[in-house]
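To start, the structure under review is shown below, and the notes come after it.
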Amino acid sequence: MHKPLGMKISGTGRALPERVVPNSEFEKYLETNDKWIRERTGIVERRFVSEGETTASLAVDASRKAIEMAGLTPDDIDLIIVATITPEAILPSTACFVQQELCNKPVPAFDLVAACSGFVYALINATAMVQTGAYKHVLAIGAEVMTAITDPEDRGTAILFGDGAGAAVISATPDADGPALLHSTMSAEGSGDSVLFVPAGGSRVRTSQMTLDERLHYVKMNGREVYKRAVKRNHDLVDQTLSEAGVTADDIKLVIPHQSNLRIVESARERMGLAPDRMYTNIDRYGNTSGASIPICLDECMRAGRLEPGDLCLLIAFGAGFTWASALIRI
Ligand SMILES: CC(C)(COP(=O)(O)OP(=O)(O)OC[C@H]1O[C@@H](n2cnc3c(N)ncnc32)[C@H](O)[C@@H]1OP(=O)(O)O)[C@@H](O)C(=O)NCCC(=O)NCCS
């Protein structure tokens with residue numbers, strides 16, 4: 001989508017579980033240590049849900065804050081899109097749980113599965129929906145309880161992921177001279193199906209005692225392969241966005257990358273020749289929260305005044321599938 005589309009991020013919100021899990025916690029039961037985790041990933045601590053906290057409860061909490069910032073009420077929302085790979089249940093969609101909790105009336109609501117690229121996919125879809133003129137205020141949410149699918153005994157993944165949610169209200173604007181989606185990319189290529197995946201629980205490998213015994217209901221990841229692909233894809237995304245949108249890195253106030261690994265993020269920053277303060281990171285505090293990482297960052301930046309009207313902000317994401325997406329936004 002390369003024609004600028006009028007849209008406004010009229011509110012953002014985030015919800016993080018209260019339970020803080022420092023790296024030292026894993027030293028108690030895994031062959032790992034704080035130094036290794038910090039140096040290889042940039043993660044210092046992450047948040048894990050406690051009893052009663054779920055993907056939908058985090059999504060609703062983040063959404064209420066976003067709606068409040070937008071100066072709206074939940075009844076003004078006319079479409080809900082939830083990006084998640086850790087749904088409230090297999091059926092119905094997490095978006096339906098969110099609708100039930102948040103809204104007094106029926107509204108269209110659906111989930112979108114694009115892993116770590118999920119929120120950028122949701123934002124681009126929300127923008128397209130407000131552009132049709134049929135919707136005024138669309139809630140785009142990234143919400144994950146990664147602990148639901150992470151094997152606590154697998155040191156390659158257990159240390160990496162965290163739980164959380166972020167939301168944005170995407171509102172219609174009449175033209176693209178002010179706030180706008182200036183450029184966007186969404187893509188997918190399914191060759192990642194044996195590199196980063198959950199083997200069982202779907203129609204291909206049904207849940208059975210064997211799959212539970214073999215721990216096939218948990219995420220499996222070839223970290224080194226994902227790492228290489230993520231670095232290359234982020235470089236391509238950055239190059240493509242700058243060239244197709246006709247902007248330079250200097251024009252962009254802030255880049256918000258998916259928080260996969262600090263070294264992956266640093267590599268994208270170096271590619272763009274950006275000073276450290278123009279590439280936002282919070283992976284040290286929350287780990288990799290998959291589809292929730294970008295909207296959590298976005299909310300932190302909006303509330304801290306790091307993004308103001310007229311600023312250009314670039315979102316870039318790469319995740320399981322493989323999927324990737326970017327969005328160049330004028331705030
Ligand atoms: C997972 C990741 C941090 C591992 O870091 P890495 O530098 O690539 O490490 P490697 O996988 O090459 O493993 C190096 C060694 O550390 C070991 N190791 C793996 N996890 C470890 C841990 N938690 N603590 C200590 N050692 C660990 C490995 O077993 C390996 O040991 P070996 O050399 O004896 O075989 C990194 O690959 C990564 O971040 N990948 C991308 C993940 C990602 O972004 N996933 C989400 C998709 S968006």
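The values are calculated or read from the model by the stated rules, or taken from the named source; none is laboratory data. Keep in mind that this is a model prediction, so the values were computed, not measured. All Cβ positions, even for glycine, are placed from backbone atoms using ideal geometry, and neighbour counts span all protein chains on display. The area values use the complete protein model at the heavy-atom level, side chains included, leaving out ligands, DNA and RNA. Shrake-Rupley method; radii C 1.70, N 1.55, O 1.52, S 1.80 Å.
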Open item on the list: Which residue is farthest from residue 188 (Cα to Cα), if the candidates are limited to the range 221-235 and must be without any contact (Cβ under 8 Å) to a residue 60 or more places away in the chain and basic (Lys, Arg)?
Closed with: 224
- [ ] Could you run through the range 281-314 and say how many residues are crowded, with 24+ Cβ neighbours inside 10 Å and either part of a loop (DSSP other than H, G, I, E, B) or modelled with pLDDT under 95 (or both)?
- [x] 2
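What are the residues in the range 67-89 that are without any contact (Cβ under 8 Å) to a residue 60 or more places away in the chain and either crowded, with 18+ Cβ neighbours inside 10 Å or not hydroxyl-bearing (Ser, Thr, Tyr) (or both), if any?
68, 74, 75, 87, 88, 89
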Task: Index of the failed condition, residue 62 passing every other in (1) more than 30 Å from residue 187 (Cβ to Cβ); (2) in contact with a Gly (Cβ under 6 Å, 6 or more places away or on another chain) - done: (1)
Task: Hits in the range 245-258 (condition: of a type outside the set (Ser, Thr, Tyr) and out of contact with any strand residue (DSSP E or B) (no Cβ under 6 Å at 6 or more places or on another chain)) - done: 246, 247, 249, 250
- [ ] Considering every residue within the range 100-110, establish whether at least one is closer than 25 Å to residue 286 by Cα, in contact (Cβ under 8 Å) with a residue 12 or more places away in the chain and in a strand (DSSP E or B).
- [x] no
- [ ] Identify, from the list 191, 171, the residue that is of a type outside the set (A, V, I, L, M, F, W, C) and under 30 Å from residue 228 (Cβ atoms).
- [x] 191
TODO: Just name the residue that is most open to solvent (accessible area, probe 1.4 Å) out of those in the range 235-264 that are assigned to a helix (DSSP H, G or I) and within 10 Å of the ligand (Cβ to nearest atom).
DONE: 263
Open item on the list: Which numbered condition in (1) surrounded by 14 or more Cβ atoms within 10 Å (Cβ to Cβ); (2) within 25 Å of residue 122 (Cβ to Cβ); (3) out of contact with any Lys or Arg (no Cβ under 8 Å at 6 or more places or on another chain); (4) modelled with pLDDT under 95 is the only one that residue 191 fails?
Closed with: (1)
Open item on the list: Any residue that is within 16 Å of residue 162 (Cα to Cα), surrounded by 18 or more Cβ atoms within 10 Å (Cβ to Cβ) and modelled with pLDDT of 95 or more - is there at least one of those in the range 30-37?
Closed with: yes
TODO: Looking only at the range 9-22, decide whether some residue is within 16 Å of the ligand (Cβ to nearest atom), in contact with a Lys or Arg (Cβ under 6 Å, 6 or more places away or on another chain) and more than 21 Å from residue 165 (Cβ to Cβ).
DONE: no
TODO: Considering every residue within the range 208-225, establish whether at least one is open to solvent by less than 30 Å² (accessible area, probe 1.4 Å), among the aromatic types (Phe, Trp, Tyr) and either within 16 Å of the ligand (Cβ to nearest atom) or over 29 Å from residue 13 (Cβ atoms) (or both).
DONE: no
Task: Filter result for the condition that a residue is within 16 Å of the ligand (Cβ to nearest atom), of a type in the set (Asp, Glu), over 30 Å from residue 241 (Cβ atoms) and without any contact (Cβ under 8 Å) to a residue 12 or more places away in the chain, over 45, 25 - done: 25
Open item on the list: Of everything in the range 97-142, what is open to solvent by less than 60 Å² (accessible area, probe 1.4 Å) and within 16 Å of the ligand (Cβ to nearest atom)? Give them in sequence order.
Closed with: 114, 115, 116, 117, 118, 119, 120, 121, 142
TODO: Give just the number: which of (1) within 16 Å of the ligand (Cβ to nearest atom); (2) over 19 Å from the mean Cα position of the chain (by Cα) does residue 197 not satisfy?
DONE: (2)
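Tell me which residues, restricted to the range 74-110, are touching a Pro at 6+ places or on another chain (Cβ under 6 Å) and of a type outside the set (Ser, Thr, Tyr). Please lay out each step first, then the result.
Residues of the range 74-110 that are touching a Pro at 6+ places or on another chain (Cβ under 6 Å), as a first pass: 79, 94, 102-103.
If the condition is that a residue be touching a Pro at 6+ places or on another chain (Cβ under 6 Å) and of a type outside the set (Ser, Thr, Tyr), then 79, 102, 103 are the ones that fit.
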Task: Within the range 151-184, considering residues that are among the hydroxyl-bearing types (Ser, Thr, Tyr) and surrounded by fewer than 21 Cβ atoms within 10 Å (Cβ to Cβ), the one farthest from residue 330 (Cα to Cα) - done: 157
